[in-house]
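Chemist: The following block contains the structure, expressed as structure tokens.
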Amino acid sequence: MKILIRKIYYALPVSLRYSVRRIIYLPQDLFVKRDSLVPPKGLIFIGSGDYLKIGKLFFGHFKKYCNITPDSSILDIGCGIGRMAVPFTNYLSPKGRYEGFDIVKIGIDWCTKNISSRFPNFNFKLIPLKNDLYLLNTDEKAAELQFPYENDSFDLVFLTSVFTHMMPLDIENYIKEIQRVLIKDKKCFATFFIIEDENENKPNSFGSKNFPYDYGNYFLMDKTVKEANVAFKKSYIESLLTKNNLELVHFIKGNWSGIQNTELNEHQDIVIFKKL
């Protein structure tokens, strides 16, 4: 049933996907407080689950694995509608800095109105980039984007469910740019769907997600909406890190692949790397 619903959703025009969600949740959203740091459900386009709970959970991961402090400078790539930003509002000091960018205007508008207005050291940028799942009415490409930030300017960069919606040339450019903006010895926390060597010949036979379309270094769940869900060979990602003077420091399997009782029991795989 979930697979059928997903296929129907992907078949809808991008703009209609957003409209359908707003219509479905309209009765419930009528009672949302206007000053809440939780957006109306009809505006949330970043996946299922409890908005605040998931944000707090990942914030705990960032603290545990990435050595952040209240004075840290943070870059949230694909910041969505602020789910990861909200926990930082109670953590960063006035000396700390949060920057986020995303391709979806709805999310950036909500974050600017509801977070930046209260926390001036939180900034959100709209960078429209073409993507099969989220945005089609632009010719700007992630593979050609230069992040609008200075070299060596962030203590932590993170991407949650971003590389799972990107093609290889896009990821190659983003990893190069992450290396550029990270401070030496600081870390990036990123989630992926990773196909390990022993599973490369059967990526469609494990867990809750299937990737039956093999394109060499990457696999697709749906070849008509390519960027809906993308998995990558672990060896390919490791080679990109090495090429860009980055070191893999932690790899944590997700339960999407069917493996249970993983280190964090997250759905997606987690790759943590640092700048050398």
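The values are calculated or read from the model by the stated rules, or taken from the named source; none is laboratory data. Predicted model, so just to flag it, every value in this text is computed and none were measured. Counting neighbours? That spans all protein chains shown, and the Cβs are built from the backbone with ideal geometry, glycine included. The protein model used for the area step is the full one, side chains on, heavy atoms only, and it has no ligands, DNA or RNA in it. Shrake-Rupley method; radii C 1.70, N 1.55, O 1.52, S 1.80 Å.
Chemist: Could you please find all residues in the range 84-106 being touching a residue at least 60 places away in the same chain (Cβ under 8 Å) and more than 20 Å from Thr138 (Cα to Cα)? Quick ask: steps written out before the conclusion?
Modeler: First pass over the range 84-106, keeping only residues touching a residue at least 60 places away in the same chain (Cβ under 8 Å): 84, 106.
Listed by number, the list holds a single entry, Met84.
Chemist: Also, I was wondering about something else. Of the residues that sit in the range 93-125 and are of a type in the set (D, E, K, R) and in a helix (DSSP H, G or I), which one is surrounded by the fewest Cβ atoms within 10 Å (Cβ to Cβ)?
Modeler: Only one residue tops the list, namely Lys105.
Chemist: Now for a different question. Take Phe158 and decide whether it is part of a strand (DSSP E or B), open to solvent by less than 20 Å² (accessible area, probe 1.4 Å) and within 25 Å of Lys274 (Cα to Cα).
Modeler: Working: part of a strand (DSSP E or B): yes; open to solvent by less than 20 Å² (accessible area, probe 1.4 Å): yes; within 25 Å of Lys274 (Cα to Cα): yes.
Here the answer is yes, as Phe158 does meet what is asked.
Chemist: Evaluate the following for Ser73: is it of a type in the set (S, T, N, Q), within 24 Å of Pro120 (Cβ to Cβ) and modelled with pLDDT of 65 or more?
Modeler: Numbers: of a type in the set (S, T, N, Q): yes; within 24 Å of Pro120 (Cβ to Cβ): yes; modelled with pLDDT of 65 or more: yes.
Yes: the conditions hold for Ser73.
Chemist: Can you spot a residue in the range 132-142 that is out of contact with any His (no Cβ under 8 Å at 6 or more places or on another chain) and either over 25 Å from Met221 (Cα atoms) or surrounded by 21 or more Cβ atoms within 10 Å (Cβ to Cβ) (or both)?
Modeler: The answer is yes, given that some residue of the range 132-142 is out of contact with any His (no Cβ under 8 Å at 6 or more places or on another chain) and either over 25 Å from Met221 (Cα atoms) or surrounded by 21 or more Cβ atoms within 10 Å (Cβ to Cβ) (or both).
Chemist: So which residues in the range 235-273 are open to solvent by 50 Å² or more (accessible area, probe 1.4 Å) and either of a type in the set (Lys, Arg) or in a loop (DSSP other than H, G, I, E, B) (or both)?
Modeler: Lys243, Asn245, Ile259, Gln260, Asn261, Glu263, Asn265, His267
Chemist: Quick check on this structure: which one of Phe219, Phe189 is more than 24 Å from Asp76 (Cβ to Cβ) and assigned to a strand (DSSP E or B)?
Modeler: Details: Phe189 fails: more than 24 Å from Asp76 (Cβ to Cβ).
Exactly one of Phe219, Phe189 is more than 24 Å from Asp76 (Cβ to Cβ) and assigned to a strand (DSSP E or B), namely Phe219.
Chemist: Can you pull out every residue in the range 207-221 that is open to solvent by less than 40 Å² (accessible area, probe 1.4 Å) and either over 12 Å from Phe232 (Cα atoms) or over 21 Å from the mean Cα position of the chain (by Cα) (or both)?
Modeler: Lys209, Gly216
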